[in-house]
Amino acid sequence: MARRVLLIDESATRRIVLQAKLTGAGYMVDVSENVGDALSLMGMHGHDALILSASLPDPTGRKLPAMLATGPTRVRIPILVLAGPEGPGAARLSHGPQIDAVLDSPMNDALLLARLRSVLRVRDMEEELLLRTATCREMGLAEAAAPFHSEGRFLFVSPDEPVAESGLNALLRDRMEAVRSRDLMADIERLGDQDVVLLDARAQGDIPAIQILSELRCRAETRHASLVVHLTADAQSEAAMALDLGANDVVLGAPDPLALSALLRRQLRHKQRIDRLRNQVSDGLKLAVTDPLTGLYNRRYALNHLGRLAQRTAGTGRKFAVMVLDLDRFKSVNDDFGHAAGDAVLVAVAGCLQDNLRGADLVARFGGEEFLVAMPDTDEFEAQTVADRLRRKVAEMTIPTRGGQNMSVTLSIGLAVRDGTSNDPQGAVQRAIGDADRALYGAKSGGRNKVTLSREVAA
């Protein structure tokens, strides 16, 4: 579906020319000469981007970006400002916090379209993240994040001895580091995660700026950073290429420090908003599969994991083990020491289990005081050896209470081992858990603090 762009410009000539260029590139374009008509058009159509003249005589035009600013649960409309006659109002608009890009004049067609594609890519990413966070909230897995602006991390990359732009560091009031292009990749881990990278490509260095840009987009420390490329005034074709290769913005010529700092701060705000949304999705997914008290995987994840494990071993003859572990007489812990002590026991036992299993093994809280362990490529002897070690390690623990007393607890463990001969992986999982559960009952009835192996080994 074609993207729809709204153009607001008091100049009929510019409207006609720009509308023709955008229509020729496949965009649907609505035009308006004033803000009032533009707002009516916005009520009729959903627009993917807004192009606004900085020289609109109507003061409402300079307030429009702030009027369109939305909360954290809605997609922002990207706003591109057409540079116009300089004046206090025009400057404030071009440097405003809600602006996504400034379209300098004159600008070739390739750079115009590349800038538009760049802001639409960011909008699409934000829309996808908002959709995912909304899904998480509907499932009760996350809450909307409150806006929070932390200190930014800026990196200045130059082919020459790096000296940050005069006065720029003070204007940004954030942490800004500088590095030479040829030293960047060697220093990237030391520099750590970055919010905004300003890549000075005005002079030819040992490494082409385009190569550096591509490298930055694939490094963990800068993959999600806002990348700004600084080029000479006549490098409009190179600027368009940089935007299409992943740059978030480009700077042409020698802007004054105030304009450059405003651009970098704008990129920082956009990056931090995307980070908040990305973290909401990550936190929501984490809540979906983990137990909030112990930090272990939950029952939902454990069952899915076991299904994949059984499917992977199907037809191979390889074995996997399933343990169901239950704390002995846990109710007495809550009755004698309180539920806070019971929670402390669960957390301590969870940590003990994690510390005494392999990285490939899964440990999950299966419900209440019950845990589940899944061990791939494990036979009966290995599984029983590990189960005995877990039982012993838990019994050796001392867990302090708020009252200054020390508690100790024991585990009973039921164990089942399956091979990969079954053609029904999900059925094999259910049978393995059922066998381990029955073995657990045998350990409980046999005196507790025991490991019992199910004799149903075959699938």
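Readers should treat all values here as calculations from the given coordinates under stated rules, not as data from a laboratory. Computed from a prediction, not measured in an experiment: that's the story for all the values here. Every residue, glycine as well, gets a Cβ built from its backbone with ideal geometry; the counts of neighbours run over all protein chains shown.
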Sorted by chain and number, the residues with a modelled amide H under 5 Å from that of V250, at a separation of 5 or more or across chains, are V229
The extension gain from A110 to R190, computed as 0.36 nm times the residue separation minus the Cα-Cα distance, is 25.1 nm
Ordering 106-118, 193-205 by per-residue average of other C-beta atoms within 10 angstrom, highest first, gives 193-205, 106-118
Using alpha-carbon positions, the gyration tensor of the range 270-330 gives root eigenvalues a ≥ b ≥ c; with a/c under 1.5 called rounded, otherwise prolate if a/b exceeds b/c, else oblate, the class is oblate
Taking a ≥ b ≥ c as the square roots of the Cα gyration tensor eigenvalues, with a/c under 1.5 meaning rounded and otherwise prolate when a/b beats b/c or oblate if not, the range 204-278 comes out oblate
